[in-house]
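The values are calculated or read from the model by the stated rules, or taken from the named source; none is laboratory data. Fair warning: this is a prediction, and the values are worked out from it, not measured in the lab. Here the Cβ positions follow ideal geometry from the backbone for every residue, glycine too, while neighbour counts run over all protein chains shown. Note: areas computed on protein heavy atoms with side chains; ligands, DNA, RNA excluded. Shrake-Rupley method; radii C 1.70, N 1.55, O 1.52, S 1.80 Å.
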Amino acid sequence: MADHAPVLKAVVPAAGLGTRFLPATKATPKEMLPIVDKPAIQYVVEEAVDAGLTDVLMITGRNKRSIEDHFDRAYELEETLDAKGDTERLAAVRESADLAIMHYVRQGEPRGLGHAVYCARQHVGREPFAVLLGDDMIDARDDLLKRMIEVRGRYGGSVVALMEVEPDQVSSYGCAAIEGTDEDDVVRITDLVEKPAVDEAPSNWIIIGRYVCAPEVFDVLEKTPPGRGGEIQLTDALRTLADMPADQGGGVYGVKFRGRRYDTGNKLEYLRTVVQFASEREDLAGEFMPWLREFVRTHDGA
């Protein structure tokens, strides 16, 4: 019988170099780029906490110290704000430090997402765990991770988040071959292909940056050779798990996600995300939206 132990820990890989955002990311981690006034990585940690995962391991690398500082206390700043009676900003500063129990481990060299996840082995142990990629932000109004944890509790094994895209987009993602279950939004994964050519993709359902992994994934990752791009791919390890029996931690399921997702991994999508978040902020929308409409009107066709 599959191990249906509760999911209590989250792993957030954040060791990438952020080359798409150079020169901004030369000294500032991509994960710390703000979505209005809050770094993108904080939204990801908040999502884990909202799903009940308050033990968070961040996989970092060189020049990522500011991530640790952000989730730590800033006593001098807090004292200054307190002395000024600025309770609103004081609460905002303390919020990130009080979110979760944060842990950190460095990925010594960029060897792929699979290797980054493998770096969590000692901390996670033999427990199932969630993986949240910082480039993917899921709207707080859509309980994707909670649903994935529910599916893991019912079926065991590992669970990935799937989103349907146009055929010409599949080559940028891991892609899944699927078969239905008795639940409309849950499928069984029969195969996974990392960044396939359009004519080789098994479906239009791509894996987005949310996973709930059985601990057996570490045993598989230990033996997984470098794949596409010369990196150790988590997709390859999950493909192996999909073929393994349930009593050995095998089986991979997918949750079809049709909610709101923001991809902050490239400049255009990042800008769209910032504009959308600003447009929905009560403290900004009243002034921002009229300006945005006028800007679009005067620049239409420019």
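The figures follow:
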{"item": "Check on residue 87, over 15 Å from the mean Cα position of the chain (by Cα), open to solvent by 80 Å² or more (accessible area, probe 1.4 Å) and farther than 30 Å from residue 258 by Cα", "result": "yes"}
{"item": "Members of region 20-40 found to be open to solvent by 20 Å² or more (accessible area, probe 1.4 Å), under 18 Å from residue 96 (Cα atoms) and among the hydrophobic types (A, V, I, L, M, F, W, C), listed by number", "result": "32, 33, 36"}
{"item": "Residues of region 141-197 classified as among the polar types (S, T, N, Q) and at pLDDT 90 or above, total", "result": "3"}
{"item": "Helices (runs of 4 or more DSSP H) fully within region 79-196 counting 3 or more residues that are farther than 22 Å from residue 219 by Cβ and of a type in the set (Gly, Ala, Ser)", "result": "87-98"}
{"item": "Out of 12, 56, 49, sole residue that is part of a helix (DSSP H, G or I), open to solvent by less than 40 Å² (accessible area, probe 1.4 Å) and under 26 Å from residue 276 (Cβ atoms)", "result": "49"}
{"item": "Single condition residue 268 does not satisfy, out of (1) modelled with pLDDT under 90; (2) assigned to a helix (DSSP H, G or I); (3) over 22 Å from residue 5 (Cβ atoms)", "result": "(1)"}
{"item": "Among (1) exposed (fewer than 14 other Cβ atoms within 10 Å of the Cβ); (2) farther than 21 Å from residue 128 by Cα; (3) more than 25 Å from the chain's Cα centre (by Cα), the one test that residue 288 misses", "result": "(1)"}
{"item": "Members of region 59-81 that are surrounded by 15 or more Cβ atoms within 10 Å (Cβ to Cβ) and of a type in the set (Asp, Glu)", "result": "78"}
{"item": "Residues located in region 47-84, provided they are within 14 Å of residue 32 (Cβ to Cβ) and touching a residue at least 24 places away in the same chain (Cβ under 8 Å)", "result": "58, 60, 61, 63, 64, 66, 67, 68, 70, 71, 72"}
{"item": "Flag if residue 65 is farther than 17 Å from residue 12 by Cβ, assigned by the TED database to the domain that holds residue 252 and modelled with pLDDT under 95", "result": "no"}
